[in-house]
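Below is one structure, written out as structure tokens, with a few remarks after it.
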Amino acid sequence: MNTQDIPTRLKNWRKTQSLTQQELADKLQIKRSRLANFENGTSTPNREIIANLESLGFPKQQEVGPPLIPASQLLVPIPFIGYIAASNPVDWTDPFESETFEFVPPEMGDARGRFACKISSDSMFPLLEPHDICVFQRTEVPKIGHVILFRSKENLITVKQLKHDGTTYILNPINSSYNAFPAEGDMLGYLVGIIRERGTQRITIFDSTGILP
């Protein structure tokens with residue numbers, strides 16, 4: 001098999017199977033970061049992995065037709081830090097230390113400081129829904145009114161809207177079922193992209209200056 005065309009074919013095929021990178025990596029018994037490297041072309045799968053892929057239904061070269069995703073819609077990798085709830089404990093010091101990646105539209109993949117997470121709570125509903133992919137622009141500068149990724153002094157992580165009451169920075173949930181609380185810790189970035197995948201539908205919102213509720 002000609003391995004030069006594997007990155008695009010593998011990524012497209014995985015999406016047609018409705019598999020996440022982690023799910024496919026588990027089936028192949030490899031790390032997700034290794035699968036991400038296959039899909040972005042930084043490394044090439046060996047014969048054993050190709051055989052395992054083909055046993056899962058990955059088409060051989062002669063069976064391949066036109067690309068399943070137009071070139072204009074091909075995705076690019078950015079660091080991925082996992083699922084974020086209301087107060088997730090984290091053991092990393094920098095989002096860019098992550099060894100896993102999420103694939104996003106090219107305009108969201110600016111190499112100057114973009115990283116991604118997935119939402120697992122409804123505290124920012126209806127702007128953000130569980131399983132949404134959120135893309136953040138790294139910054140430590142407070143951006144009042146914007147949706148931010150915030151790490152508390154206790155090393156807990158959350159996504160909230162940043163407000164200021166005249167004295168104190170406040171982390172504000174959009175969902176009224178949750179309470180606002182003082183922002184005591186560090187701002188890691190502000191929201192610039194949302195990717196929502198529901199079945200075969202894919203909805204994206206992008207604003208490099210920051211998405212406001």
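FYI, it's all coordinate maths here, none of it is from the lab. Being a predicted model, the structure only gives us computed values, none of them experimental. Here the Cβ is made from the backbone with ideal geometry for all residues, glycine too, and neighbour counts use every protein chain on show.
Can you list the HN-Hα couplings for segment 130-146, worked out from phi with the Karplus curve (6.51, -1.76, 1.60; θ = phi - 60°), rounded to whole Hz and with x for Gly and Pro?
x, 6, 4, 8, 10, 10, 10, 9, 5, 6, 10, 7, x, 10, 5, x, 8
Roughly speaking, what is the stretch gain from Thr8 to Ser33, that is 0.36 nm per residue apart minus the C-alpha to C-alpha distance, in nm to one decimal?
In short, 7.4 nm is gained.
Calculate the radius of gyration of the Cα atoms of the chain to one decimal place, then report Dmax, the largest Cα-Cα distance, as a whole number, both in Å.
Every Cα atom of the chain included, Rg and Dmax give 18.9, 66 Å.
Lys pairs in the chain, Cα-Cα under 20 Å, at least 8 apart or on separate chains: how many?
Within the chain, the lysine pair count is 15.
Within segment 121-154, what residues put their amide N at less than 12 Å from the label point 7 Å along the Cα-to-Cβ vector of Lys163?
145-146
What full-extension length gain, to one decimal in nm, is calculated for Ile144 and Thr209 as 0.36 nm per residue of separation minus the Cα-Cα distance?
Stretched fully, the Ile144-Thr209 segment lengthens by 22.1 nm.
Give me the one-decimal nm value for the distance between modelled label points at Leu74 and Gln201, 7 Å along each residue's Cα-to-Cβ direction.
Each label point lies 7 Å from its Cα, and together they span 2.9 nm.
What is the calculated FRET efficiency for Ser55 to Ala85, with r their C-beta to C-beta distance and R₀ = 45 Å, to the nearest 0.05?
Given R0 = 45 Å and the Cβ-Cβ separation, E is 0.80.
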